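The values are calculated or read from the model by the stated rules, or taken from the named source; none is laboratory data. Because the structure is predicted, anything quoted here is derived from the model rather than measured. Note: ideal-geometry Cβ built from the backbone for every residue, glycine included; neighbour counts use all protein chains shown. In case anyone asks, the SASA skips ligands and DNA or RNA and just uses the protein heavy atoms, side chains included. Shrake-Rupley method; radii C 1.70, N 1.55, O 1.52, S 1.80 Å.
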Amino acid sequence: MEPRRLKTITILILAMLNIALLMLLFHFLYQRTRSEQSLREQLFALYDSSSISLSEEDLSLDQAAPSSLTLSRDLELEAQIAAFLLEETAEGVHQGGGIYTYTGRYGTVSFRSNGSFDYAPSAQSVSSPADFCESFCETFGYEEAQSDLSGGSGSFSAQRWVDGTLVYNCTLSFLFERGRLVSLSGSCLSTADSSLLPDNRFTAVDALVKFLDFRNSSGIVCNTVTDVTPVYELQATTALPLQLTAKWQVSTDTYQYYVDCSTGDITRS
């Protein structure tokens, strides 16, 4: 066979193979879309049968839950936070029970092994409370949640995010009076030495089905589910290290509920 003809036949075979692969890909995508649509319709029908409505516009069922993480206490981060607040470097003093305190001319910052900390200022003036809070959040990985500052007085709250996922119970609360920082409390965490935990990775649909079973068996009052979102919960006990547990936050017209991605256990905010 002539080389030119052989080359033409080879090109045709490769072209037909590529077309076949494309057809298989389109078929797979079509089947997946149909499967997802069918699953969505079944979920809505299931909720409708229990007289609960799902917010179709805001509900995203293709989100992925994050992996749970174990954390290590970061004494260096705590020292950096203390230096930011005290405006000077202070030595941490171990008070026992996992408590470290940093004291300077502006007050005392105390950190605990469960990730919580608080600051008791002593006559610390702040020229711009809003700028002070925003600078703190930018430096240490928090995002503004709510601000009620006016004329040097009021409150400011922020929340911690990890790789785009909200740690819903890791918050900061600032309080100012007439240009003075009165108090600061919240939680701090570091993912510098984190490690993944094995979990079952419940999907959004799994979480909604689990929540519906919980609602029907417990008799809680709920008429609408408005959203389902992957979040982290900061957990710590005397027996276990700091941990970010992956959960699904199910928002309803009454309360927010949290479905554990590993155990399926449900708690309420």
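In table form, for the structure just shown:
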read-out	value
Residues satisfying the stated conditions in region 222-261, i.e. closer than 18 Å to residue 169 by Cα, more than 14 Å from the chain's Cα centre (by Cα) and assigned to a loop (DSSP other than H, G, I, E, B)	236, 237, 240, 241, 242, 255
Scope region 1-43; condition over 30 Å from residue 225 (Cβ atoms), open to solvent by less than 100 Å² (accessible area, probe 1.4 Å) and at pLDDT below 65; matching residues	none
Residues that are open to solvent by 20 Å² or more (accessible area, probe 1.4 Å) and outside any strand (DSSP E or B), drawn from region 166-180	178
Count - residues of region 214-239 that are among the β-branched types (Val, Ile, Thr) and over 18 Å from residue 54 (Cα atoms)	3
Odd one out for residue 154 among (1) at positive phi; (2) part of a loop (DSSP other than H, G, I, E, B)	(2)
Residue satisfying all of: in region 151-165; surrounded by 18 or more Cβ atoms within 10 Å (Cβ to Cβ) and not polar (S, T, N, Q); nearest to residue 180 (Cα to Cα) among these	156
Residue list for region 184-199, restricted to those being surrounded by fewer than 13 Cβ atoms within 10 Å (Cβ to Cβ) and within 30 Å of residue 121 (Cα to Cα)	192
Residue match in region 197-216 (condition: touching a helix residue (DSSP H, G or I) at 6+ places or on another chain (Cβ under 8 Å) and without any contact (Cβ under 8 Å) to a residue 60 or more places away in the chain)	no
Selection from region 228-259 of residues that are crowded, with 16+ Cβ neighbours inside 10 Å and farther than 19 Å from residue 189 by Cβ	228, 229, 248, 250, 251, 252, 256, 257, 259
Count - residues of region 189-199 that are under 16 Å from the mean Cα position of the chain (by Cα) and part of a strand (DSSP E or B)	1
Any chance residue 245 is in contact (Cβ under 8 Å) with a residue 60 or more places away in the chain, within 27 Å of residue 117 (Cα to Cα), polar (S, T, N, Q) and in contact with a strand residue (DSSP E or B) (Cβ under 7 Å, 6 or more places away or on another chain)	yes
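This table checks each residue for (1) hydroxyl-bearing (Ser, Thr, Tyr); (2) in contact with a Gly (Cβ under 8 Å, 6 or more places away or on another chain); (3) in a strand (DSSP E or B); (4) open to solvent by 70 Å² or more (accessible area, probe 1.4 Å).
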position: 182; (1), (2), (3), (4): no, no, yes, no
position: 201; (1), (2), (3), (4): no, no, no, yes
position: 214; (1), (2), (3), (4): no, no, no, no
position: 220; (1), (2), (3), (4): no, no, no, no
position: 263; (1), (2), (3), (4): yes, no, no, yes
